[in-house]
């Protein structure tokens with residue numbers, strides 16, 4: 001073997017070895033990027049899920065607070081029949097932070113309307129319905145289930161998901177909540193609970 005062919009063959013081996021190392025480096029970088037993207041996706045999903053849970057908990061707290069205040073103020077004196085949204089807002093049943101300026105209207109954390117009106121479950125005006133509008137599809141079921149123990153009946157839009165003094169019908173609830181991007185829920189509470 002001549003000296004020239006020996007150098008050539010060694011140079012060829014070096015070049016081949018160098019390209020293997022570069023190939024391994026590119027694969028390592030790509031693998032690192034894939035792993036980083038997967039970790040970022042998991043973190044993002046956990047973040048959005050925690051935001052959703054916080055939003056639902058805040059909405060449930062708003063609902064529970066308004067129901068308790070209405071029962072204390074109007075239920076103890078059997079005056080559900082006189083309650084309107086304006087009266088509920090002006091009397092403080094609806095927290096001041098939810099009031100729209102100085103009007104007699106209120107908005108929930110979904111920017112949907114909060115409404116109140118008398119309802120009948122057994123006898124005339126024995127209950128009050130709290131309307132909670134623009135509830136997101138992904139929050140709807142959790143809000144109904146979280147409020148079920150506080151109310152006598154519940155609807156999503158016009159669909160009854162908790163008949164009077166009965167448990168929530170889960171299949172109906174799932175279908176009703178999934179029917180639109182946002183829905184109004186109506187929670188009826190009052191005497192007889």
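Overview of values
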item: Residue 78 being surrounded by 14 or more Cβ atoms within 10 Å (Cβ to Cβ) and touching a residue at least 40 places away in the same chain (Cβ under 8 Å); result: no
item: Within region 107-193, strands (runs of 3 or more DSSP E) holding 1 or more residues that are at pLDDT 95 or above, under 16 Å from the mean Cα position of the chain (by Cα) and under 19 Å from residue 52 (Cβ atoms); result: 127-136, 153-156, 182-190
item: Some residue of region 164-185 being more than 28 Å from residue 87 (Cβ to Cβ) and in contact (Cβ under 8 Å) with a residue 60 or more places away in the chain; result: no
item: Test for residue 87: is it surrounded by 15 or more Cβ atoms within 10 Å (Cβ to Cβ), in contact with a helix residue (DSSP H, G or I) (Cβ under 6 Å, 6 or more places away or on another chain) and not in a loop (DSSP other than H, G, I, E, B); result: no
item: Sole exception among (1) surrounded by 20 or more Cβ atoms within 10 Å (Cβ to Cβ); (2) touching a helix residue (DSSP H, G or I) at 6+ places or on another chain (Cβ under 6 Å) for residue 142, by number; result: (1)
item: Filter result for residue 101 (on the phi > 0 side of the Ramachandran plot, touching a helix residue (DSSP H, G or I) at 6+ places or on another chain (Cβ under 9 Å), at pLDDT below 95 and surrounded by fewer than 20 Cβ atoms within 10 Å (Cβ to Cβ)); result: no
item: Boolean, residue 58 is at pLDDT 90 or above, touching a helix residue (DSSP H, G or I) at 6+ places or on another chain (Cβ under 8 Å) and either at positive phi or in a helix (DSSP H, G or I) (or both); result: no
item: Leading residue by the ranking (farthest from the chain's Cα centre (by Cα)) among those in region 64-75 that are buried (at least 18 other Cβ atoms within 10 Å of the Cβ) and touching a residue at least 60 places away in the same chain (Cβ under 8 Å); result: 75
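The values are calculated or read from the model by the stated rules, or taken from the named source; none is laboratory data. Predicted model only: the values in this text are computed from it and were never measured. Please note: Cβ atoms are built from the backbone with ideal geometry, for glycine as well, and neighbour counts cover all protein chains shown.
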